[in-house]
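Read the structure below first, then the notes.
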Amino acid sequence: MAYSIEIHADAWADLEALWADPRTEEAAAAIDVLLQEIECDQDLLDALTAHDYGVNKTKKFHVSKWVEYWRNGANIWRLKIWELEKVRLNYRIIYAYEIKEQKYHVLAVVPREFDYDTEHPISRRIMAVYATIR
């Protein structure tokens, strides 16, 4: 069975908001291109559940478990794009992995500043979406 990726409506809305702002168009473009690239490459899809894939800028992006949620049984991950880090466009792609279906669900595209605080409205929104795919 091949991996697949699905982008939730909330994540599309996040991306559209980035496209709409000239200050974040570069981030939108990089994220859009990377998601398309990942969608077409089974090896990159497989890498989305390899904790610390791309650490120390060894690949285009870095993958990490969202550790606090992971410890509580949520299969949620985050991806950062090194190219965007260089220009201080610190956005994260937050996604979940559905093991039985071998499907990735992109839940959000968010600024790093929310700091993964579980009480932050962004985190709550992500967990609400995650609850619908479990």
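The values are calculated or read from the model by the stated rules, or taken from the named source; none is laboratory data. Please read all numbers here as calculations on a predicted model, not as lab measurements. For neighbour counting, all protein chains shown are included, and Cβ atoms are generated from backbone atoms with ideal geometry for every residue, glycine included. These accessible areas exclude ligands, DNA and RNA; they are computed on the full protein's heavy atoms, side chains included. Shrake-Rupley method; radii C 1.70, N 1.55, O 1.52, S 1.80 Å.
For this structure, a couple of remarks:
- Residue check for residue 89: open to solvent by less than 40 Å² (accessible area, probe 1.4 Å), assigned to a loop (DSSP other than H, G, I, E, B) and under 25 Å from residue 24 (Cβ atoms): yes
- Qualifying residue in the range 28-37 (condition: open to solvent by 50 Å² or more (accessible area, probe 1.4 Å) and closer than 17 Å to residue 130 by Cβ): no
- Subset of the range 69-84 [under 14 Å from residue 112 (Cβ atoms) and either part of a strand (DSSP E or B) or at pLDDT below 95 (or both)]: 78, 79, 80, 81
- Verdict on residue 63 being surrounded by 12 or more Cβ atoms within 10 Å (Cβ to Cβ), assigned to a strand (DSSP E or B) and in contact (Cβ under 8 Å) with a residue 60 or more places away in the chain: no
- Residue check for residue 91: among the hydroxyl-bearing types (Ser, Thr, Tyr), within 14 Å of the chain's Cα centre (by Cα) and either modelled with pLDDT under 95 or at positive phi (or both): no
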